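Before any comments, here is the structure.
The values are calculated or read from the model by the stated rules, or taken from the named source; none is laboratory data. Given the structure is predicted, the values throughout are model-derived calculations rather than measurements. For neighbour counting, all protein chains shown are included, and Cβ atoms are generated from backbone atoms with ideal geometry for every residue, glycine included.
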Amino acid sequence: MGTVKSAPGAAIVTPDGGPERPCRVLRVAGPLVEMEYAAGTAMYDVVSLGEAGLPGEVVAIKGGVVTVQAYEYTGGLAPGHSARPLGMPLAARLGPGLLGGIFDGLLRPLSGSGDWLLPGAGATGDAERRWRFTPRVTAGEPVSEGEVLGEIRGTGPVCLRALVPPGAGGAVERIAPEEEHHEDAVVAVVGGTQVRMTADWPIRRPRPVRERLSAQQPLNTGQRAIDLLFPVARGSTVAVPGGFGTGKTMLLQQIAKWCDADVIVYVGCGERGNEMADVITELAALEDPRTGGRLADRTVTIANTSNMPMMAREASIYTGATVAEYFRDMGLDVVVIADSTSRWAEALREFASRTGALPAEEGYPAGLASAIAAFYERAGAVTTLGGARGSVTVIGAVSPPGGDMTEPVTAHTERFVRCLWTLDRDLAYARHYPAVSWAGSFSRDAQILAPGYTAAGDPALSARRARAAGLLAEADRLADLVDLIGITALPDQERVSVLAGRLMREGVLQQSALSAQDSYCGADKSAALVEAVLAVVDRCRELVDAGVPAAAVEEADFGPLLRAREDAGPNDAAGVATRRDAMLAALAGLQEAA
Ligand SMILES: Nc1ncnc2c1ncn2[C@@H]1O[C@H](COP(=O)(O)OP(=O)(O)OP(=O)(O)O)[C@@H](O)[C@H]1O
Ligand SMILES: [Mg+2]
């Protein structure tokens, strides 16, 4: 089989020796191109359009007409121009050069120069670049699909592996020595199959695994609102719905920077070009807290910004999932972040309206739900073909127009995900960041993860979570009452509950992405902060029980407690405990005064 190679700046290359069946373009309407049918053309085959060879994909075949979705601007393309079906599906070129690179939705390299993204030089397709290959098998050894043939090291900290491709296996006929190789060099021959460091894979077909496992390990994000209240497991699925400007991009970027995955695939769908360029510049400058290397070296960025052709956006999230599976198969934990799936769904709608398909809800095509599901279903914790454990966690932002959570993209997405982190407009408006709503979010992983915390030496975590959630809910309930009748009309213990809600929100849940000490929060510091608030709340209740007026408790200076998250370093649990003790001592003074 020939390969669909992605060459910088150029269109998709004709397969080596592949069938060539030129047909004629019949009609062009934006990204929708109709052409004559040629024998052998199949659904989802790639088509090269016109002189320029614009890439497109077959999306319908009816009578003698093939409908193609073009992935690039079709200006200049006209009826009568040639069109060549390439006889293979759209494939992504997977290889070690992906790490640290920036690509478009079809995985063609982009360069992030200035504040604009342009087609140009990139990581993959760089014939000069070399990787050190270290063999892990010897000639004559029998190997089966998915097994490790050797390790690949580039500049970054992530150790990659060359694997026996799916479907191949047998005796190792040849294995390259420990040496620097370019990514297209043959590093092994197994049962007659040549193995290179790069391989093509059709983006719409999930890569095979031996077994899907139930997700059981937590993915730590370093964001307290999430790790404490709505934790996510490695291999799970998350949606982050939020209205305009509620902090979706900031939250996802925080996760890309701080979560404890091995590789991050960041897909920017239809986001602003300059915002995307900022992310890339920032990633390049940041140090990876886990490895001490560059954060960019464990990140693959796929950008289809709002200024780029819309239809490649449709492919980009499947491209992202395919890249993630490639790393997962090496036994790595990968996170795919898509910002925003709503912009992606708009591409589906735009194309559907041009084909004249009968629109379903709000103009989206009838296949919207299954397209969303096809993306989230690429997530999972697995045993790879080679027997290693790996995972793909999928996190997608959703931008409901006008903040309407009942609109189709949000409503369908909610059905397919295990965790929902809803960003609340009122919280964002009050500058409570991250604006994760404790009332409107959920995590189906919290239960599953509980035994893991016990094993990891923190059996109290589930209890802390339950208390924190209970306290927030109680404070919300009372807030409505306070609005009606005023705080002074509440019984003293309920006034302490209102205070407790405030301490939990301001002392624990708020976490500025821009803070030097608090942008990331380690598990121990997070636990210490929650425990400090709970201890202070308990002390306040005791004081009120002992006859100290609630008003006096409310007026105490809680500053030392509320500032602990900013004053103590990201992993400084002891620093938090010191501040808690100081706070408790200060409260003891109230009792003496009473
Ligand atoms: N975690 C955070 N820490 C500090 N500031 C934040 C945080 N989250 C959001 N903000 C503030 O809110 C602003 C908007 O955030 P962001 O761009 O992430 O919103 P968005 O939901 O992605 O918006 P859009 O709907 O336009 O995509 C940021 O520029 C920042 O000032
Ligand atoms: Mg955004």
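Just need a number here: residues in the stretch 152-186 that are in contact with a Leu (Cβ under 6 Å, 6 or more places away or on another chain) and in a strand (DSSP E or B).
Number of matching residues: 2.
For every residue, the table says whether it meets (1) more than 19 Å from Ala225 (Cα to Cα); (2) outside the structural domain of Thr221 (by TED's automatic domain parsing); (3) of a type outside the set (D, E, K, R).
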site: Gly522; (1), (2), (3): no, yes, yes
site: Val544; (1), (2), (3): yes, yes, yes
site: Ala550; (1), (2), (3): yes, yes, yes
site: Arg563; (1), (2), (3): no, yes, no
site: Glu566; (1), (2), (3): no, yes, no
site: Thr578; (1), (2), (3): yes, yes, yes
site: Met583; (1), (2), (3): yes, yes, yes
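Inside the stretch 297-391, counting only helices (runs of 4 or more DSSP H) that do not spill past its ends, which hold 1 or more residues that are within 16 Å of ligand 1 (Cβ to nearest atom)?
Numbers: elements: 311-328, 341-355, 368-376.
Result: 311-328, 341-355.
Could you tell me whether any residue of the stretch 554-569 is at pLDDT below 95, in contact with a Phe, Trp or Tyr (Cβ under 9 Å, 6 or more places away or on another chain) and more than 21 Å from Leu590 (Cα to Cα)?
No, the stretch 554-569 contains no residue that is at pLDDT below 95, in contact with a Phe, Trp or Tyr (Cβ under 9 Å, 6 or more places away or on another chain) and more than 21 Å from Leu590 (Cα to Cα).
From the list Ala430, Ala439, Ala411, Ala435, pick out the single residue that is among the small types (Gly, Ala, Ser), surrounded by fewer than 19 Cβ atoms within 10 Å (Cβ to Cβ) and within 13 Å of Gly247 (Cβ to Cβ). Don't jump to the end; show me each part of the working.
Numbers: Ala439 fails: within 13 Å of Gly247 (Cβ to Cβ); Ala411 fails: within 13 Å of Gly247 (Cβ to Cβ); Ala435 fails: surrounded by fewer than 19 Cβ atoms within 10 Å (Cβ to Cβ).
Testing whether each residue is among the small types (Gly, Ala, Ser), surrounded by fewer than 19 Cβ atoms within 10 Å (Cβ to Cβ) and within 13 Å of Gly247 (Cβ to Cβ) leaves just Ala430.
When only residues in the stretch 326-349 that are under 13 Å from the mean Cα position of the chain (by Cα) and not aliphatic (A, V, I, L, M) count, which is surrounded by the fewest Cβ atoms within 10 Å (Cβ to Cβ)?
Residues of the stretch 326-349 that are under 13 Å from the mean Cα position of the chain (by Cα), as a first pass: 333-341.
With not aliphatic (A, V, I, L, M) added as a condition, the list becomes 333, 339-341.
On the way: Asp333: 21, Asp339: 28, Ser340: 24, Thr341: 27.
Residue satisfying both the conditions and the ranking: Asp333.
So, in the stretch 225-239, how many residues would count as being among the β-branched types (Val, Ile, Thr) and in contact with a Leu (Cβ under 6 Å, 6 or more places away or on another chain)? Break it down into steps so the answer makes sense when it comes.
Of all residues in the stretch 225-239, those among the β-branched types (Val, Ile, Thr) come to 226, 232, 237-238.
The next check asks that each one be in contact with a Leu (Cβ under 6 Å, 6 or more places away or on another chain); those that pass are 232.
Qualifying residue count, the stretch 225-239: 1.
What pairs can you find where one residue is in the stretch 254-283 and without any contact (Cβ under 8 Å) to a residue 24 or more places away in the chain and among the acidic types (Asp, Glu), the other is within 13 Å of ligand 1 (Cβ to nearest atom) and part of a loop (DSSP other than H, G, I, E, B), and their Cβ atoms are less than 8 Å apart, with a gap of 6+ or different chains?
Listed by first residue and then by second, the contacts come to nothing, as the list is empty.
When the stretch 232-262 is examined, which residues are found to be modelled with pLDDT under 95 and away from ligand 2 (no atom under 16 Å from the Cβ)?
Matches in the stretch 232-262: Trp258, Cys259, Asp260, Ala261, Asp262.
If I ask for residues that are surrounded by fewer than 15 Cβ atoms within 10 Å (Cβ to Cβ) and either on the phi > 0 side of the Ramachandran plot or under 21 Å from the mean Cα position of the chain (by Cα) (or both), which ones from the stretch 442-458 would you list?
From the stretch 442-458, those surrounded by fewer than 15 Cβ atoms within 10 Å (Cβ to Cβ) are 447, 451, 454-458; that's our starting set.
Answer for the stretch 442-458, where residues must be surrounded by fewer than 15 Cβ atoms within 10 Å (Cβ to Cβ) and either on the phi > 0 side of the Ramachandran plot or under 21 Å from the mean Cα position of the chain (by Cα) (or both): just Gly457.
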